[in-house]
Amino acid sequence: EEEDALLCSLDRIFDNAIVFNLKGKSYRGRKLKVVNVQVDNLNHEDK
């Protein structure tokens with residue numbers, strides 16, 4: 001139960017997230033791996 005509560009809390013951090021996606025030439029991130037995730041709004045009903 002404690003682990004479930006922690007995972008739920010960590011999940012909530014991303015409910016109100018601000019994501020910056022920067023593009024351009026830079027020395028930093030030359031070996032950068034990019035993962036893009038897009039989620040559409042879903043109508044969800046608790047059952």
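Read-outs throughout are calculated quantities, based only on the coordinates presented, and are distinct from any laboratory measurement. From a predicted model like this one, the values you see are computed outputs, not experimental measurements. Cβ placement follows ideal geometry from the backbone for every residue including glycine, while neighbour counts extend to all protein chains displayed.
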Exercise. ASP15 versus ARG28, label points 7 Å from Cα toward the beta carbon: distance in nm?
Worked result: 3.1
Problem set entry | Neighbour-count ranking [beta-carbon atoms within 10 angstrom, fewest first] of ILE13, ILE18 | ILE18, ILE13
